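See below for the structure under consideration.
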Amino acid sequence: MKVLISNPCLHPNSVWPSYLLARFKTYIDCDYENKVDVEWLDPLYLHDVVLPPEDYDILVISCYVWNYEKQIELARLAKKKNPNVFIFAGGPQVPFNDKKVWEQYDSIDAFCYTEGERVFAEFLLAWQNNESLDIPGIVLKTNPNKEQVIVPKLKLNTLASAYIHCKDILEKQVNHIRSLGKRVNVMWETNRGCPYGCTFCDWGHATNSKIKLFDYETLVKEIDLLMSWKPNVFFIADANWGMYDHDVVLIEHMVKAKYKYDSTTDVVFSAAKNKKTNVNRSLKLLTDAGMNTGGNQIGFQHLDPEVLKNIKRDNIKTSESIKELKETVKEGIPIIGVLIAGNPGDTLDKWKHSIFELLKMQFHEDIKVHDFMLLPNAPAADPAYMEKYKIDTVTKYYNEKPGNRSLYKTKFVVESYSFSKKDWVEMQVWSYFIQAAHSLGLYKFASLYAYHYKNIEYQTFYEEVIQIPVVKKVLDEIRIVLNEYVFGERQNKFITYNGVDTTLDNYIYMRLAKENNYLDTLQIDKDVKLFQEIISLNFSNRTSANLNYDLPSWFSGAIHTAPFEKYKESISKKDTFIEKGNLYNEMALLNKFDKAPNYRHQIGYYAGVLNEN
């Protein structure tokens with residue numbers, strides 16, 4: 001039988017070799033006790049996928065939020081071309097508990113609702129032997145009301161390595177990706193499962209479950225193989241990296257392989273919630289090796305007890321995380337604080353409190369805000385949960401940034417028992433404002449001075465800034481966009497600046513910088529205001545200044561102070577000359593800001609003014 005696997009990637013220029021093909025093929029070849037004869041066609045894994053001219057018996061579509069619409073259309077085209085092709089769907093975006101699944105996925109013949117390797121092998125065996133395809137782990141379109149029984153999980157530590165077994169196939173794909181001038185990303189898993197039950201999450205149907213580990217020695221061999229490909233990004237797909245002490249040892253192997261193969265690989269992972277010591281050690285190793293050039297996300301999601309309880313996040317110890325973050329901040333390791341906007345129980349005051357608490361924790365380079373995306377199989381999508389918390393949604397198009405990424409359509413929470421859609425708009429305004437004003441640097445250093453030297457709270461400082469006439473004017477412009485998005489027909493939150501679509505935080509930054517008087521009414525010391533003007537990427541005619549105080553040294557210390565501590569050093573009176581680096585015109589600056597949030601470390605100011613690089 002001929003099998004074609006489709007799993008289009010999110011980004012047209014960042015491509016992942018087909019791990020799904022490797023997993024299915026390896027399990028059937030090496031781990032399955034029965035003989036199954038399969039001819040695997042070249043998989044579809046690029047951003048833009050086209051069905052091959054040859055016939056095939058089975059099309060497997062792996063559906064994620066970024067590709068499910070494309071996969072649905074691909075399935076329709078495959079059925080149109082050959083009505084007899086069997087279409088097998090899986091992945092977290094297939095709403096397997098929704099009776100309307102067959103309406104949305106109108107061309108599929110079956111979906112898998114659990115771990116896929118053995119289930120698919122059993123399905124192919126039944127196909128080969130002309131037996132009933134109605135096996136445990138899948139639901140057929142011809143039997144839509146079938147009970148979804150629990151299927152035993154795989155013993156991961158006994159499985160053959162998909163990467164090693166399919167080395168030649170995957171290396172061919174890696175070379176093809178590079179021949180197209182695209183970046184190579186690899187995904188690697190050391191375990192499956194997650195002990196937490198966060199209501200917003202659907203980590204491969206494995207949340208609130210026991211963790212199972214792959215074989216350690218096999219993992220070490222995989223690191224060497226994957227790093228020999230010199231991937232641009234090495235993504236660790238575990239839900240909680242750092243949960244085990246051996247995770248740090250595996251990072252050490254990655255660092256050794258980096259030098260062995262002279263690679264420039266970035267390593268990205270989702271950090272363990274309650275094991276920040278191992279997370280910090282991993283980040284330190286990667287940063288020192290130049291393998292953490294973006295920033296690793298530390299997921300708080302919110303900092304209010306009621307909200308955390310509602311999203312079943314209250315079993316994660318924020319206080320312990322803060323303690324263990326101190327060393328990370330001290331070392332200057334780039335990290336990103338992460339919040340979710342739209343959690344049930346939130347209010348505007350609670351939201352602002354969470355944002356400003358992250359600033360006190362020293363998340364000055366970036367705060368990433370995820371809108372609450374209602375994934376179809378996450379606990380929050382359960383009708384009972386939605387009714388309990390009075391959740392309302394909008395279905396809109398999304399991506400982190402416009403331009404060279406496809407937008408994808410999904411549901412977002414915009415109302416609950418505790419906040420209205422108007423409240424949601426104001427929470428969004430504050431999110432984008434702080435990202436422009438603080439993360440990107442327009443007022444960052446003035447606020448640091450106010451907080452550490454003048455004992456003015458960040459919230460107090462920014463609530464005054466937001467009343468500056470030019471700031472109010474610009475924020476009213478983005479309110480129009482947000483209101484059209486949540487109440488009207490607008491399909492995304494991007495906005496046009498000088499003919500270019502950009503994000504709302506970038507727009508705020510560009511508009512304020514263009515106004516050139518955004519600092520005029522700021523009630524702060526003259527030298528500090530002058531320092532803020534010089535260090536920011538703006539359009540000021542002033543490119544250098546003589547200061548009466550050694551502000552570069554003081555700010556360099558303040559920005560690395562431990563979480564929730566005040567920088568106690570006095571500011572030395574000393575004649576100090578500061579000067580900007582390369583200047584930017586409008587389009588060059590807009591292009592500089594056109595980065596995903598993971599890669600915004602120090603992009604909004606001249607780090608050289610602090611004598612830091």
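Rule-based calculations on the coordinates, nothing more; no lab input. Every value quoted in this text rests on a predicted model; they were computed, and no experiment measured them. Here Cβ is always computed from backbone atoms with ideal geometry, including for glycine, and neighbour counts include all displayed protein chains.
At a Förster radius of 60 Å, what calculated FRET efficiency corresponds to the Cβ-Cβ distance of Gln523 and Tyr259, to the nearest 0.05?
According to the calculation, E is roughly 0.70.
Just how large is the dipole of the chain about the Cα centre, in debye to the nearest 20, putting +1 at every Lys and Arg Cβ and -1 at every Asp and Glu Cβ? Write out the running numbers ahead of the final one.
Details: 74 positive and 79 negative charges, 132 e Å.
Approximately 640 debye in magnitude.
Around Glu464, under 13 Å between beta carbons, what's the net of Lys plus Arg minus Asp minus Glu among the other residues?
So the environment of Glu464 carries a net charge of 0.
For region 496-535, list residues with backbone N below 18 Å from a point placed 7 Å from the Cα of Gln467 toward its Cβ?
518-525
Apply the a/c threshold of 1.5 to the C-alpha gyration tensor of region 176-226 and tell me whether it is rounded, prolate or oblate.
oblate
Would you calculate, for the chain, the mean residue ellipticity at 222 nm contributed by helices, counting each DSSP H stretch of 4 or more residues as -39,500 (n - 2.57) and dividing by all residues, to the nearest 500?
Rounded to the nearest 500, it is -11000 deg cm²/dmol.
Would you please name the trypsin sites (Lys or Arg not before Pro) within region 23-63 that are DSSP coil residues with at most 11 other C-beta atoms within 10 Å of their C-beta?
Lys35
Based on the Cα gyration tensor of region 476-582, what are the three equivalent ellipsoid semi-axes, each the root of five times an eigenvalue, rounded to whole Å and given largest first?
Values: eigenvalues 248, 65, 27 Å².
Ellipsoid semi-axes (Å, largest first): 35, 18, 12.
Quick one: Debye curve from the alpha-carbon atoms of region 155-293 only, equal weights, vacuum; give me log10 I(q)/I(0) at q = 0.12, 0.17 Å⁻¹ to two decimals.
Taken in order of the listed q values, log10 I(q)/I(0) reads -0.49, -0.98.
Compute the FRET efficiency between Ala607 and Ser544 as 1/(1 + (r/R0)^6), taking r as their Cβ-Cβ distance and R0 = 22 Å, and round to the nearest 0.05.
0.85
Sequence-distant or interchain residues sharing an amide H contact under 5 Å with Thr393, placed H: which?
Val414
Lys/Arg Cβ at +1, Asp/Glu Cβ at -1, dipole of region 155-293 taken about the Cα centre: which of Thr199, Gly242, Ile211 is farthest positive-ward?
In region 155-293, that residue is Thr199.
Given a Förster distance of 56 angstrom, what is the FRET efficiency for Asp594 paired with Asn157, based on the Cβ-Cβ distance and rounded to 0.05?
After rounding to 0.05, the efficiency reads 0.85.
For region 61-127, what is the per residue volume of the convex hull drawn over the alpha-carbon atoms, in cubic angstrom?
Looking at region 61-127, the number lands at 85 Å³ per residue.
Just want the answer: with Cβ charges of +1 for Lys and Arg and -1 for Asp and Glu, which residue in Ile535, Ser270, Asn82 is farthest toward the dipole's positive end in the chain?
With unit charges placed on the Cβ atoms, the residue in question is Ile535.
Pairing rule first: another cysteine's C-beta must sit under 4.7 Å. Under that rule, which cysteines of the chain stay single?
Isolated Cys, the chain: Cys9, Cys30, Cys63, Cys112, Cys166, Cys194.
Which distance in nm do the two modelled labels at Lys309 and Leu180 give, with both placed 7 Å along the Cα-to-Cβ direction?
5.0
State the answer as a single residue: which of Ala22, Leu4, Thr576 lies farthest towards the positive end of the charge dipole of the chain, with beta carbon charges of +1 for Lys and Arg and -1 for Asp and Glu, about the Cα centre.
Most positive-ward Cα: Thr576.
Quote to one decimal, in nm, the extra length available between Ile456 and Lys421 on full extension: 0.36 nm per residue of separation minus the C-alpha distance between them. Don't jump to the answer; show the numbers that get you there.
Working: separation 35, 0.36 × 35 = 12.60 nm, distance 3.12 nm.
Taking 0.36 nm per residue and subtracting the Cα distance, the gain is 9.5 nm.
Under 5 Å between amide H atoms, partner at least 5 residues away or on a different chain: which partners does Phe419 have, H built in plane at 1.01 Å?
Gly345
Counting Lys and Arg as +1 and Asp and Glu as -1, each charge on the Cβ, what is the dipole of region 70-227 about the Cα centre in debye, to the nearest 20?
In total the dipole reaches around 440 debye.
Taking the Cβ of Leu583 as the centre, find all other residues whose Cβ is under 15 Å away and add up their charges (Lys, Arg: +1; Asp, Glu: -1). Before the final figure, lay out each step's value.
On the way: positive: Lys514, Arg542, Lys580, Lys592; negative: Glu533, Glu579, Glu586.
Net charge around Leu583: +1.
Can you tally the net charge around Lys284? Count Lys and Arg as +1, Asp and Glu as -1, for every other residue whose Cβ sits under 10 Å from the Cβ of Lys284.
-2
Using the Cα centre of region 507-613 as the reference point, and only Cβ charges (+1 on K/R, -1 on D/E), how large is the resulting charge dipole? Debye, rounded to the nearest 20. Show your work: numbers first, answer last.
Details: 13 positive and 13 negative charges, 31 e Å.
In total the dipole reaches around 140 debye.
Apply the Karplus curve 6.51 cos²θ - 1.76 cosθ + 1.60, θ = phi - 60°, to the phi angles in region 143-156 and return the couplings in whole Hz, x for Gly and Pro.
9, x, 9, 4, 5, 8, 6, 6, 9, x, 6, 6, 8, 4
For region 219-352, what is the convex hull (Cα atoms) projected area averaged across all directions, in square nanometres?
Taking a quarter of the hull surface, the average projection is 8.4 nm².
When N counts the residues of region 2-152, how does its alpha-carbon radius of gyration compare numerically with 2.2 N^0.38 Å, as a ratio?
0.98
Suppose each label sits 7 Å from its Cα in the direction of the beta carbon; what would the Gln148-Leu583 distance come out to in nanometres?
Between Gln148 and Leu583, the simple spin-label model gives 6.0 nm.
Past 19 Å, Cα to Cα, is the threshold; run Lys350/Lys493; Lys352/Lys472; Lys25/Lys172 against it and keep the listed order.
Lys350/Lys493
Take the chain, mark every one of the chymotrypsin sites (Phe, Trp or Tyr not before Pro) that falls in a DSSP loop and has at most 14 other Cβ within 10 Å, then report the longest stretch left between them, sites excluded.
The longest such stretch corresponds to 1-416.
Which of rounded, prolate, oblate describes region 361-495, given a ≥ b ≥ c as roots of the alpha-carbon gyration tensor eigenvalues and a/c under 1.5 marking rounded, otherwise prolate only if a/b is larger than b/c?
Verdict is prolate for region 361-495.
Among [x] -0.34, -0.77, -0.95; [y] -0.47, -1.00, -1.16; [z] -0.42, -0.90, -1.06, only one was calculated for this model; which label is it, if the read-out is log10 I(q)/I(0) by the Debye sum over Cα atoms at q = 0.06, 0.09, 0.10 Å⁻¹?
Calculated log10 I(q)/I(0) by the Debye sum over Cα atoms at q = 0.06, 0.09, 0.10 Å⁻¹: the matching label is [x].
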